[in-house]
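Visitor: Sending over a structure as structure tokens; questions will come in a sec.
Each reported figure results from applying straightforward, stated rules to the coordinates on display, with no laboratory input. As the structure is a prediction and not an experimental result, all values here were calculated from the model. Ideal geometry is used to build each Cβ from the backbone, glycine not excepted, and the neighbour counts take in all protein chains shown.
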Amino acid sequence: MFAHSRRWLYLTLCIIAIIAACTTLPGKNTQQAKQQTTKTQQHNAIIFVADGLRPDWVNASDTPALNEIREKGVTFLNSHSLFPTFTTANASAIATGHFLGDTGDFSNTIKVNTPVKSAKNSLVPYLENNAVLREVNKQFGANFLNEQSLLSAARKANFSTAALGKSGPVLIQDVTLQNGEPTLIFDDYTGKSEGVTLTPEITELLNKNSLPLITPGRGDNKQAGDSKTPGTKVANTAQQQYFADVTTKAILPLFKQRQKPFILVYWSRDPDGTQHNHGDSLNQLVPGINGETTKAARQNADKNLEQIITALKDLGLAETTNIFVTADHGFSTISKESKTSYAATLTYADVPKGFLPPSFVAIDLAKDLKLSLFDPDKNNTAINPPKGQFSRNSILAKDPKQPEIIVAANGGSDLIYLPNKANQKDLATKIVNSLLKQDYVSGIFVNNDLGKIPGTLSLEAIALKGSARTPQPSILVNFRSFDTGCGTPTACGAEISDTFLQQGQGMHGSFSRADTYNMMGAIGPDFKKGYKDLAPVSNADVPRTIAKALNINLRPLGKLTGRVLNEALVGQPDTIQSKSFVLESQPASNGLKTVLKYQTVGKTRYFDVAGFPGRTLGL
């Protein structure tokens, strides 16, 4: 009798529990179910690169979409571009998670093994060109970066993958891509012979949405002007609207239809392209890159991002898609002033009197070392500076077929190569001593193989010596940078630049904190909400963090890697330990010494600023 009553009691209690479970706190149950669904669904990622975007100019009025990500998601307050702070260099880091000593993409213009046909048979090609990238790839084992990219790993893991925007960095995101492989590529060359062939599937979607099969040009935005004519007064709106429309009307709907996870890289040429070419400050340091035209460029990039976010919401993809925003580098206003340069004393047709001409480093070295100058981009044509001649890149030699020195001019810093191993060490010392006399120099880095030279630090000290396949620079020269006085130094930096652009226009590439300080933020299901990350972070951390969040296996070959930003991910501790260091070279005979400030998290290094004290902004 007692056992029978006990069974009825248990049965009654079970029924009550079931009813309670089905009727109590419906809102909480719905939320729990929603969280469980999100956890079991595979997440996606969009890496949005706002080329050349400076953090100090992101705000609620001009860039609301970017600002909202920083406010509601993760904002990285201690962010870093990799030095040299150039586009393709940092594109290689965003693609692979490796520092430049491993990827070999040391700057936008580098030396390669043999002349590149698509770069006018030059040994020092400019890499923001698809045909050039393909040729360079062939020289270095079909992958000049020597590392697997995030997109390559993702497509092999059955993710849908795409990269859109600026030519050069876009193809670098999946540089080993072969015809027939599934990554979708849209850049300046789409629809042309240099472009990646569009698949029938994506062609049909473009036609269906009345989108062109050929990328529109930049129009007036491409006009850089000259020393007497201001550059562009408009942002790159038409071309970027095309990329945004392709993303939101064709690619994202296609990815949703496939019902599998995706990674998409959107590389916004603005504000970079407009900051380079703007016509707001011809030959003047103020307002420099802080005028109305560059403001319109920031707004243009933000508009693209807002369109993508809206599409994710409309397609029901917002809750499962992470968005990581980064800039490849910061930016500075160009200065062309020097009191010590021989090159600045000469007269040139399109250079204001007393200003530095393009290739001023090569001209000054040739004068000092009594070598002749030749243009590697024009079949080694002889260059005669006293007759007003200059080039972009330079060979210094008695015979151009046997170059003593090759200078790859890049902007805020230059690369110097010494191909003749017989006299490398002696010549390196002479070059350094010559550079130490110039007021436009602020910091010199020398290949470890050349030994220690007073006044310089090694390439290894800044992670430029690793497993790279491409030729390592012998010397890297950083140029002077300074504050033009707007009250926020990183927002109004200026730098000496080896470029065809004019004083008052924009450049990057230096070790100034205005160039190493880049915009970084993240939002989405795998990132914390309202979190301010004070730890040092860099572009090399981006792909490794996305790979961790999406459970993609990146297999590094080299050892110079970024880290996973665990502190920014959901469920991980908020704090992480970092340390700060200062490294100084031995002083040169004139007292100058290269000083490097950097931080570490574990074995990962973050380079803040470097140069000669008093000549580098932020040092």
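Visitor: Between residue 381 and residue 345, what FRET efficiency comes out of the Förster formula 1/(1 + (r/R0)^6) with R0 = 35 Å and r the beta carbon distance, rounded to 0.05?
Guide: 0.90
Visitor: Over 27 Å between Cα atoms, which of 117/208; 378/465; 111/398; 339/370; 120/192; 559/593 qualify?
Guide: Result: 117/208; 378/465; 559/593 exceed 27 Å.
Visitor: So what are the three principal axis dimensions of segment 509-619 from its Cα atoms, in whole Å, longest to shortest?
Guide: 55, 34, 25
Visitor: Still on this structure: Once you charge only the Cβ atoms, +1 for Lys and Arg and -1 for Asp and Glu, what is the size of the charge dipole of the chain about its Cα centre, to the nearest 20 debye?
Guide: For the chain, the charge dipole is close to 1260 debye.
Visitor: ³J(HN,Hα) across segment 182-196 via Karplus (A = 6.51, B = -1.76, C = 1.60, θ = phi - 60°), whole Hz, x for Gly/Pro?
Guide: Karplus-based 3J(HN,Hα) across segment 182-196 equals x, 5, 8, 10, 10, 8, 4, 9, 4, x, 10, 4, 7, x, 6 Hz.
Visitor: Here's another thing I want to ask about it. Once you place label points 7 Å from the Cα toward the Cβ at residue 306 and residue 259, how far apart are they in nm?
Guide: 3.5
Visitor: If you don't mind, there's one more thing I want to ask. Size of the dipole of segment 231-337 about the Cα centre, Lys and Arg at +1 and Asp and Glu at -1 on the beta carbon, nothing else charged, in debye to 20?
Guide: Using only the charged Cβ atoms, the result is roughly 360 debye.
Visitor: Still on this structure: Sequence neighbours fewer than 8 away in the same chain don't count; with that in mind, list the lysines whose C-alpha is under 29 Å from residue 295.
Guide: 72, 166, 222, 228, 233, 249, 303, 313, 336, 529, 532
Visitor: Using a 7 Å offset from Cα along Cα-Cβ at residue 211, what residues in segment 253-276 end up with backbone N under 11 Å from the label point?
Guide: 253-255
Visitor: At 7 Å along Cα-to-Cβ for each site, give me the label-to-label distance between residue 222 and residue 488 in nm.
Guide: 3.3
Visitor: Continuing with this model, one more query. Express in nm, to one decimal, how much length is gained between residue 139 and residue 113 on full extension, taking 0.36 nm for each residue of separation and deducting their alpha carbon distance.
Guide: Residue separation times 0.36 nm, minus the Cα-Cα distance, leaves 8.7 nm.
Visitor: Please figure out what share of the DSSP beta bridges in the chain is antiparallel and state it in percent, rounded to the nearest 5.
Guide: Of the beta bridges lying entirely in the chain, close to 60 percent run antiparallel.
Visitor: Same structure, new question: Please list, short to long, the whole-number percent of alpha-carbon pairs of the chain in consecutive 10 angstrom bins beginning at zero.
Guide: Histogramming the chain at 10 Å steps yields 3, 17, 27, 26, 14, 6, 3, 2, 1, 1, 0, 0 percent.
Visitor: What is the packing order of peptides 90-102, 541-553, 482-494, taking the mean over residues of other C-beta atoms within 10 Å and listing the highest first?
Guide: Highest to lowest by the protection proxy: 90-102, 541-553, 482-494.
Visitor: Sort 507-513, 402-408, 217-223 for me by packing, meaning the mean count of neighbouring Cβ atoms within 10 Å per residue, highest on top.
Guide: The packing order, highest mean first, is 507-513, 402-408, 217-223.
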